[in-house]
Amino acid sequence: MATDLPVLYSFRRCPYAMRARMALSYSGISVELREVLLRDMPAALLSCSPKGTVPVLVLEDGRVIEESLDIMRWALAARDPDHWLAVDAATQLADINGLVDANDRSFKPQLDRYKYAERYPEQPAAAYRRAGERFLQQLEQRLARTAWLCAGRMTLADVAIFPFVRQFAFVDKPWFDAAAYPRLQAWLDGLLESVLFLGVMQKYPQWHAGDVPTVFPD
């Protein structure tokens, strides 16, 4: 069974998939959602994206978008009602892109080491946490100047980075709540409680070929 919608392969707790779902939901773009398990990737996903990671968006014309940021930008190019990508100057767009790049290239590896410290016995978890805190400190400093990370309103940067800060915070939530990041904590809490985030975190069963299609957002 199939729909005439783009198909999104996703895993609920994956931060990359979270930000893709948030952008699609925000843009009001309906997709056929296929919830997968990372340890049990379906053949249909691997046939269109052999890298075997999520999210993957398969468009109606067969084109495949394999990176979460590309999915976000594709969605925003179609509809961006609150102007996540409408910036005041080219320098601001460069700032958004630079901050997201720092998250993906530098912060994410430290997050992985902190969360899965048993896989990286070269240092204790606290050492990886301190390394990740360098990025948290940058975010705290930014939020001391503006309401959001790159402007006085939400931009692509906030939604692209939020799932990773969320993951970092929940490795040891009591530590994070007691840490000296009051603005970052408030920013995170606001996004955690947002209608946008809560709406994309609904649980769906694992997808199997032949299942009745799930339309997202429903």
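No value in this document is a laboratory result; all are computed from the given coordinates. Being a predicted model, the structure only gives us computed values, none of them experimental. Don't worry about glycine lacking a Cβ; one is built from the backbone with ideal geometry, like all the others, and counts go over all protein chains shown.
Here are a few things to note about the model shown:
- Judged by the gyration tensor of its Cα atoms, with axes a ≥ b ≥ c, region 60-120 is oblate; a/c meets the 1.5 cut and b/c is at least as large as a/b.
- Ordering of 156-164, 199-207, 21-29 by burial proxy (mean other Cβ atoms within 10 Å per residue, highest first): 156-164, 21-29, 199-207
- Sum of -39500 (n - 2.57) over DSSP H runs of 4+, divided by residues of the chain (222 nm, nearest 500): -15000 deg cm²/dmol
- Column: log10 I(q)/I(0), Debye, Cα scatterers of the chain, q = 0.09, 0.14, 0.17, 0.18 Å⁻¹: -0.38, -0.90, -1.25, -1.35
- Relative contact order computed over region 90-194 (Cα-Cα under 8 Å; 6+ residues apart), in percent: 28
- In region 26-142, inverting the average of 1/r over every pair of distinct C-alpha atoms gives 17.2 Å as the Kirkwood radius.
- For the chain, a Gaussian network of Cα nodes joined below 10 Å ranks Ala169, Ala131, Ala77 by mean-square fluctuation, and the top entry is Ala77.
- DSSP loop GluC sites (Glu not before Pro) with at most 14 other Cβ within 10 Å excluded, longest remaining stretch of the chain: 123-192
- Signed unit charges on C-beta, dipole axis of the chain, positive-most listed residue Ala151, Gln206, Ala125: Ala125
- Computed from the Kirkwood radius of its Cα pairs, the Stokes-Einstein diffusion coefficient for region 90-194 at 37 °C and 0.692 mPa s stands at 234 µm²/s.
- Residue order, fewest to most beta carbons within 10 Å, for Cys150, Cys48: Cys48, Cys150
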